[in-house]
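**Student:** Below: one structure in structure tokens.
The values are calculated or read from the model by the stated rules, or taken from the named source; none is laboratory data. Please read all numbers here as calculations on a predicted model, not as lab measurements. When we count neighbours, we look across all protein chains shown, and the Cβ atoms used for this are built from the backbone with ideal geometry, even at glycine. Remember, those area values only see protein heavy atoms, side chains included, never the ligands or the DNA or RNA. Shrake-Rupley method; radii C 1.70, N 1.55, O 1.52, S 1.80 Å.
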Amino acid sequence: MRKALRWLLSLVVLIGTLSAAGAATAAEPKATNIKDRLLEIPGMSLIEEKPYRGYRYFVLNYTQPVDHRQPDKGTFQQRLSVLHKDTNRPTVFHTSGYHLRTSPFRSEPTRIIDGNQVSMEYRFFDPSRPSPANWSDLNIEQAANDQHRIFKALKPIYSKNWLSTGGSKGGMTATYYERFHPNDMDGVVAYVAPNDVVNREDSAYDRFFENVGTKKCRDALNAVQREALVRREPLKKLYADWAAESGATFKTVGSLDKSYEAVVSDMVWAFWQYSSEADCKDVPTAATATDQEIYTYVDDISGFSFYTDQGLEPYTPYYYQAGTELGSPNIQQPHLDGLSRYGYQAPREFVPRDIPMWFNPWKMRDVDTWVRYNAERMLFVNGENDPWGAEPFRLSEYAKDSYVYVAPGANHGANVAALKGDERAKATAAILKWAGVAPATVRADEAKAKPLATYDAKLDKRDLKREFTMRH
């Protein structure tokens, strides 16, 4: 009897212990460590964590549908990064429109609002590419849906205001995201975002090159560009020697000659995209420069490695989109008449022939119309001397709390800091307001607006050619 009682008592205690353990498990709070919270998101996995003072920085993979309209068609792994500061701070959603930069950095809006930053690698940029790749799944709406899913997954963690941003193709990406998902973001900051509404009408670019900078500088650049084609054969020999030594090939463009001309044709554009009027003093005198001096200058500005197979391959997704939706410039360059064999080459020339391409002329018209009449809390920043700014986004009287500013003398790296004083203050105040962190002093007087975070030489350092590639 006593044994039976002892057994019964032990059983009661055991059941009570299990019940208590079950209750404790059921009541256990969700993870509070940001890494654990991120990895609790279905489809999210960690690639690596890199420490940085004042932040935690994660490079992650997120499972995305290849086709958001037909999720059963398969998935792919899309890379993103999270620069985590505090879940009580606002968040900036950044994309370059290209590859993901996998070291910690801050976009300008992130510094202005002193917030978190989520950065997304654009679909089809390796390794965020489905396998096998159906290139028809690479379009602006699918990419906008990628951002939308990432935002929805992270919003429960980062519940404060969100802004989207990007420069060049990244600025276009932020704009297209707003077009397709206008209720996600609390504001958009689009830097140097081209807006090629009618692909076959590119006279705005020609007018730009007729007026940018000083006549002296324009004439000097045009003379070097022309001389590079006059001396095509000896300079091509230098190019061929370099290609043989480096193993460069030209299957995509078709020949070394076509690649050579593409690089030369880009020279003036590339100068104004990445350089400034102060650099005009370094343009060689075409008539007296040696072959090597002409070759070296063109290489420094345009880069003879770019239109090789090896240079083009990482940017196949960009050229595919330029030739199917985004549009691309076709400039006349009359000073090269009689010397150019191929004209200003189109995106189709830079995409392997086994990838089919058809251009849709309605996509950019749709986005342009939507922005013009529906923009709300959108800021566009362009550079006065940037060729891509020749066809900018514009706003009508129906746009709300939205702005288009031009940074004087700036190139493709134009930003809020480069704006005139009153416009810089107004733009900074708008960003702070949209993020929900404008101090009372700024709400009372926009002229007092300034970034909330102090400058960090490592986090905030800019490399224009890395950030803003576009044509290249």
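**Student:** Within the range 106-139, which residues are out of contact with any strand residue (DSSP E or B) (no Cβ under 8 Å at 6 or more places or on another chain), within 30 Å of Arg89 (Cα to Cα) and either part of a helix (DSSP H, G or I) or polar (S, T, N, Q) (or both)?
**Tutor:** Arg111, Ile112
**Student:** From Asp86, Asp67, grab the single residue that is over 20 Å from the mean Cα position of the chain (by Cα) and open to solvent by 30 Å² or more (accessible area, probe 1.4 Å).
**Tutor:** Sole residue among the options that is over 20 Å from the mean Cα position of the chain (by Cα) and open to solvent by 30 Å² or more (accessible area, probe 1.4 Å): Asp86.
**Student:** Which residues, taken from the range 408-457, are charged (D, E, K, R), touching a residue at least 12 places away in the same chain (Cβ under 8 Å) and either in a loop (DSSP other than H, G, I, E, B) or touching a Pro at 6+ places or on another chain (Cβ under 7 Å) (or both)?
**Tutor:** Lys420, Lys450, Asp456
**Student:** Let me ask you something else. Name the residue that is most open to solvent (accessible area, probe 1.4 Å), counting only residues in the range 201-216 that are touching a residue at least 12 places away in the same chain (Cβ under 8 Å) and outside any helix (DSSP H, G or I).
**Tutor:** Going through the qualifying residues, I end up with Thr214.
**Student:** Go through the range 409-461 and give me each residue that's open to solvent by 80 Å² or more (accessible area, probe 1.4 Å), within 22 Å of Ser96 (Cα to Cα) and in contact with a helix residue (DSSP H, G or I) (Cβ under 9 Å, 6 or more places away or on another chain).
**Tutor:** Within the range 409-461, just Tyr455 meets the criteria.
**Student:** If you don't mind, there's one more thing I want to ask. With the range 250-316 as the region, which helices (runs of 4 or more DSSP H) entirely inside it contain at least 1 residues that are more than 17 Å from Ala346 (Cα to Cα)?
**Tutor:** On the way: elements: 256-265, 267-274, 291-301, 309-312.
Passing ranges, in order: 267-274, 291-301, 309-312.
**Student:** In the range 291-314, is there at least one residue being of a type in the set (Ser, Thr, Tyr), closer than 20 Å to Leu238 by Cβ and surrounded by fewer than 20 Cβ atoms within 10 Å (Cβ to Cβ)?
**Tutor:** Within the range 291-314, one or more residues are of a type in the set (Ser, Thr, Tyr), closer than 20 Å to Leu238 by Cβ and surrounded by fewer than 20 Cβ atoms within 10 Å (Cβ to Cβ).
**Student:** Let me ask something additional. Keeping to the range 158-169, report how many residues are within 25 Å of Pro42 (Cβ to Cβ), part of a loop (DSSP other than H, G, I, E, B) and either open to solvent by 20 Å² or more (accessible area, probe 1.4 Å) or in contact with an Asp or Glu (Cβ under 9 Å, 6 or more places away or on another chain) (or both).
**Tutor:** 3
**Student:** Could you count how many residues in the range 97-140 are open to solvent by 10 Å² or more (accessible area, probe 1.4 Å) and under 19 Å from Tyr55 (Cβ atoms)?
**Tutor:** 11
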